[in-house]
Amino acid sequence: MAKRTKDDSKQKTAPATRTKRFLKLAGMTASVAGSYAAERVRRAFNEEDKEERQAKAYDKMANQIADTLGELKGAVMKVGQIASQTQDFLPKEFSQALQRLQKEAPPMDYEVIAKQVERELGAAPEELFKEFSEEPYAAASIGQVHKAVTLDGKEVIVKVQYPGVDRSVDSDLKQLKLTLKLGGLLKLPKESVDQLFEEIRERLNEELDYENEARNIADFQRFHAKDEGLIIPSVVRQLSSKRVLTMECVEGDHISAVSAEAYGQDVINLIGRRLFRIMADQLFKFHAIHGDPHAGNFAFRPDGSIIMYDFGCVKRLKPEIVHAYSQALTAGLNADYDALDNYLVDLGVRVSGKPAVEQDYYAMWRDIFIRPFRSRDEEFDFASSNLHKQVASKATTVFKYMDFFQPPVESLFIDRMIAGHYWMMMRLGVQAAFRKELEDYLDLSSAA
């Protein structure tokens with residue numbers, strides 16, 4: 001795992017019971033629904049400062065939802081993390097408030113973790129391991145990681161799932177969907193909302209099955225076997241189960257420790273090119289992508305090596321979706337907006353049966369997203385990139401065309417992967433030109 005700074009001030013917690021989870025989520029739902037109803041009444045009698053009041057109301061609801069999801073962890077916190085990376089179906093106030101869920105979660109009491117290990121592996125940690133650190137190495141929404149040493153002296157990390165998380169997925173998502181609906185936050189047809197939450201539910205259930213993650217790791221190791229500079233830690237199967245996953249300890253630097261001073265700009269650019277190749281190979285060749293690409297799931301070394309962790313969230317892609325995605329990208333690069341509109345319908349992004357979207361709207365987005373790919377030779381400086389700010393500034397335009405678009409269920413995790421890699425490229429300060437590489441992948445995908 002990536003090296004991190006220890007913070008002894010973090011508060012440890014015990015798992016919330018199912019009853020407590022329901023009551024907390026139900027209370028959040030009632031409060032959000034009440035706030036929304038009150039705001040609608042105020043708007044009905046006062047037209048002044050309507051947009052400003054709505055923004056304040058959204059900000060209040062967003063912070064309440066973020067606080068509750070962060071406290072409960074589990075499935076709802078994971079959904080909040082996903083939502084924080086999207087701005088196409090929630091008001092921007094929510095994306096901003098939910099971004100704090102990307103930070104490391106407070107750890108669970110060690111006694112809870114030790115009992116979970118014993119339930120899953122049949123013995124206490126001190127019997128199964130030569131050493132087992134009581135202090136967590138990292139904590140996340142659905143589990144936490146501890147460093148350990150096996151009986152034969154191998155250094156490992158042990159990922160332990162919080163008790164009861166898997167049993168609360170369906171009820172948590174049902175309550176969260178109700179909250180967003182009653183808060184007037186999902187301006188989408190019921191069918192689209194149901195498809196979106198079903199996609200998230202499927203990925204969460206896969207992520208909660210550590211035996212499935214072990215199979216994913218083996219698959220990705222085989223696919224990337226010949227890739228120089230990429231390391232994927234192996235699973236210790238005899239110390240793993242459905243809710244406990246033990247892997248070899250392969251460490252590197254957290255992204256916050258990578259700088260031009262520490263690594264050199266040439267090495268950073270090499271890392272950037274490798275990240276791009278990894279992402280594109282998975283998308284266009286493997287048709288399976290690492291679906292949780294935040295900085296905590298990657299580590300780096302001064303020789304340019306990349307270490308990838310956490311293969312619980314993997315999206316396996318239908319060939320026709322990859323083809324439509326590549327065709328949409330090609331049409332965008334070529335400014336062929338009629339073709340782009342058709343391929344977005346094929347992807348399920350654009351609502352079929354509606355009139356074609358104005359070309360100026362597509363041109364606006366194309367001019368933003370093409371910047372890293374504008375030139376085959378001139379390097380794009382990700383450190384000074386403001387693409388995310390330009391995207392956020394167009395939020396009102398997105399809502400203007402809301403009826404023409406819907407959540408891209410099949411390509412949701414492709415968009416999440418690309419967004420995650422953009423943030424890493426920016427934080428690393430990569431300088432590179434990717435236009436030629438992108439065109440090569442698109443040509444390969446079109447030929448297939």
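The values are calculated or read from the model by the stated rules, or taken from the named source; none is laboratory data. The model shown is predicted, which means the values in this text are computed figures rather than measured ones. No Cβ is skipped: glycine too gets one built from the backbone with ideal geometry, and neighbour counts run over all protein chains shown. Calculation scope for accessible area: heavy atoms of the full protein, side chains included, ligands and nucleic acids excluded. Shrake-Rupley method; radii C 1.70, N 1.55, O 1.52, S 1.80 Å.
When we screen Arg274, Arg201, Arg237 for residues that are basic (Lys, Arg) and under 19 Å from Lys147 (Cα atoms), the only hit is Arg237. Each residue in the range 109-149 was checked for being surrounded by 21 or more Cβ atoms within 10 Å (Cβ to Cβ), among the small types (Gly, Ala, Ser) and over 26 Å from Asn205 (Cβ atoms), and 1 of them qualify. Scanning the range 156-179 for residues that are among the charged types (D, E, K, R) and crowded, with 23+ Cβ neighbours inside 10 Å returns Lys159, Asp172.
Filter the range 312-321 for residues that are in a loop (DSSP other than H, G, I, E, B) and open to solvent by 30 Å² or more (accessible area, probe 1.4 Å) and give the result. Residue satisfying the conditions is Lys318 alone.
On the stretch given as the range 415-448, residues that are open to solvent by less than 40 Å² (accessible area, probe 1.4 Å) and of a type in the set (D, E, K, R) total 2. Screening the candidates Ala324, Ala335, Ala363 for the property of being open to solvent by less than 70 Å² (accessible area, probe 1.4 Å) and part of a loop (DSSP other than H, G, I, E, B) yields one hit, Ala335. Looking across the range 243-282, the residues that are assigned to a loop (DSSP other than H, G, I, E, B) and over 20 Å from Gln221 (Cα atoms) come down to Arg243, His254, Val258, Ser259, Gly264. Considering the range 254-299, the residues that are under 14 Å from Ile414 (Cβ atoms) and of a type in the set (Gly, Ala, Ser) include one that is modelled with the lowest pLDDT, namely Gly291.
Here's the yes/no breakdown for (1) of a type in the set (Gly, Ala, Ser); (2) assigned to a helix (DSSP H, G or I); (3) over 29 Å from Gln195 (Cα atoms); (4) open to solvent by less than 80 Å² (accessible area, probe 1.4 Å):
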| residue | (1), (2), (3), (4) |
| --- | --- |
| Ala331 | yes, yes, no, yes |
| Leu340 | no, yes, no, yes |
| Val345 | no, yes, no, yes |
| Ser352 | yes, no, no, no |
| Arg376 | no, no, yes, no |
| Ala392 | yes, yes, no, yes |
| Phe413 | no, yes, no, yes |
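What's the number of the condition Glu379 fails, among (1) out of contact with any strand residue (DSSP E or B) (no Cβ under 6 Å at 6 or more places or on another chain); (2) under 22 Å from Ile268 (Cα atoms)? Of (1) out of contact with any strand residue (DSSP E or B) (no Cβ under 6 Å at 6 or more places or on another chain); (2) under 22 Å from Ile268 (Cα atoms), only one is false for Glu379: (1). State the number of residues belonging to the range 336-381 that are β-branched (Val, Ile, Thr) and under 30 Å from Gln431 (Cβ atoms). Qualifying residue count for the region: 2. Picking from residues in the range 394-411 that are polar (S, T, N, Q) and surrounded by fewer than 16 Cβ atoms within 10 Å (Cβ to Cβ), the one that is modelled with the highest pLDDT is Thr397. Residues that are among the basic types (Lys, Arg) and free of Cβ contacts under 8 Å to residues at least 60 places away in the same chain were ranked within the range 217-265; the one that is least open to solvent (accessible area, probe 1.4 Å) is Arg237.
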